[in-house]
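Below is one structure, written out as structure tokens; the observations come after it.
The values are calculated or read from the model by the stated rules, or taken from the named source; none is laboratory data. For clarity, every value in this text was computed on a predicted model and none was experimentally measured. We place every Cβ from the backbone using ideal geometry, glycine too, and count neighbours over all the protein chains shown.
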Amino acid sequence: MKRALITGITGQDGSYLAELLLEKGYEVHGLLRGSASHGTSNIDQLVRDERIHERTLFLHNGDLADSTAIQSLVRDLAPDEVYNLAAQSHVRLSFDIPEHTLNVNGAGTIRLLDAIVKHSPKTRYYQASSSELFGNARSCPQSETTPFAPGNPYACSKAYSFWLVSNYRQAYGVHASNGIAYNHESPRRGEAFVTRKITRTLARIVGGKQEFLLLGNLDVSRDWGFARDYVEAMWLMLQAPEPDDYVIATGELHSIREFLAEAFGIVGLDWRAHVKTDRKFFRPTEVNNLVGDATKARERLGWRPKTRFPELVRLMVEEDLRLEGLDPARIVAMKEAA
């Protein structure tokens with residue numbers, strides 16, 4: 001039985017990855033910050049499942065800022081695979097707490113890689129990288145050969161991690177890969193992120209609890225995929241004979257306006273009647289158009305995204321309607337009958 005360690009297991013990506021690995025017969029260990037009973041909603045179902053818990057799923061309290069704890073955990077587990085998904089991943093927040101962002105995203109990476117070199121050199125390592133590395137790239141779409149131009153503290157911290165992985169791969173022979181993932185969403189996305197903010201607030205509007213949605217720049221466009229598809233690419237990277245760096249993307253560009261139109265259209269509402277822009281949600285610097293070329297992942301790993309943009313938006317809207325105690329099928333039927 002293979003053993004995997006996932007940092008950030010309670011996050012969107014970590015929870016989907018844990019499910020995937022458990023389905024494949026792995027023993028899964030997850031790193032949690034603080035109490036194991038806090039903020040675990042994404043994996044609560046796995047924790048409660050007696051067929052899984054206490055047999056193949058184990059949770060450990062710890063922090064990427066604690067090098068002693070990281071060294072001990074890697075030494076004791078000697079995992080076959082490590083997936084570093086933990087991060088301060090909110091771009092806007094990185095301007096407010098840049099030092100913390102670098103400590104977790106950058107120094108956290110070197111703590112893990114150093115522990116692997118010292119205690120478990122055969123461990124294969126996945127680093128969650130980001131399309132934000134490219135900033136306002138001059139070429140479109142972006143591929144693994146596109147020059148980096150990070151435009152915010154979060155992107156700078158990810159650039160630092162990217163080159164650490166490359167360096168440890170060359171210097172120590174670690175099977176370490178970077179996944180340059182473009183925006184990937186799901187019903188488990190945090191509400192601080194714009195896509196989930198849209199679908200969560202939309203559900204409250206439908207339920208009569210809220211009237212307006214406040215957003216920043218509506219002209220920003222992104223390459224949005226489904227997180228469940230993207231964790232499969234992460235796993236495939238660590239099954240490859242040789243480590244490498246891969247863009248994970250759909251290759252489709254959609255604006256926030258398009259996301260709004262798609263989401264509000266599902267429930268028969270005009271988004272323009274409910275959305276207002278607020279300057280406080282604008283970033284000091286903005287990355288406008290990011291779209292990825294995942295040809296390398298398709299050709300070498302056999303990976304391709306399965307979920308298209310309209311289906312992704314529908315999945316998110318319907319789940320948030322259910323969280324508000326509403327029946328998505330009934331609401332859609334009412335829209336179609338109107």
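Applying a threshold of 6 Å to beta carbon distances and a minimum spacing of six or more residues, or different chains, the list of pairs starting in segment 88-103 at a residue that is closer than 15 Å to Asp66 by Cα and ending at one that is assigned to a helix (DSSP H, G or I) and of a type outside the set (Phe, Trp, Tyr) reads Thr101/Ser94; Thr101/Pro153; Thr101/Ser157; Leu102/Ser157. The set of residues from segment 146-196 being outside any helix (DSSP H, G or I) and more than 17 Å from the chain's Cα centre (by Cα) comprises Thr146, Pro147, Phe148, Ala149, Pro150, Gly151, Asn152, Gly173, Val174, His175, Ala176. Restricting segment 216-241 to residues that are in contact (Cβ under 8 Å) with a residue 12 or more places away in the chain and part of a loop (DSSP other than H, G, I, E, B), the residue that is surrounded by the most Cβ atoms within 10 Å (Cβ to Cβ) is Asp223. Taken over segment 152-161, the residue count meeting the criterion of being surrounded by fewer than 22 Cβ atoms within 10 Å (Cβ to Cβ) and of a type in the set (A, V, I, L, M, F, W, C) is 2. Restricting Leu64, Leu59, Leu112, Leu85 to residues that are in contact with a strand residue (DSSP E or B) (Cβ under 8 Å, 6 or more places away or on another chain), crowded, with 17+ Cβ neighbours inside 10 Å and more than 22 Å from Met237 (Cβ to Cβ) narrows the list to Leu59.
Counting residues in segment 115-123 that are in contact with a Gly (Cβ under 8 Å, 6 or more places away or on another chain), closer than 30 Å to Trp271 by Cβ and modelled with pLDDT of 95 or more gives zero. Only one entry in Glu252, Glu258 is assigned to a loop (DSSP other than H, G, I, E, B) and without any contact (Cβ under 8 Å) to a residue 60 or more places away in the chain, namely Glu252. Put simply, of Ile110, Ile43, Ile70 the only residue that is in contact (Cβ under 8 Å) with a residue 12 or more places away in the chain, over 21 Å from the mean Cα position of the chain (by Cα) and assigned to a helix (DSSP H, G or I) is Ile70.
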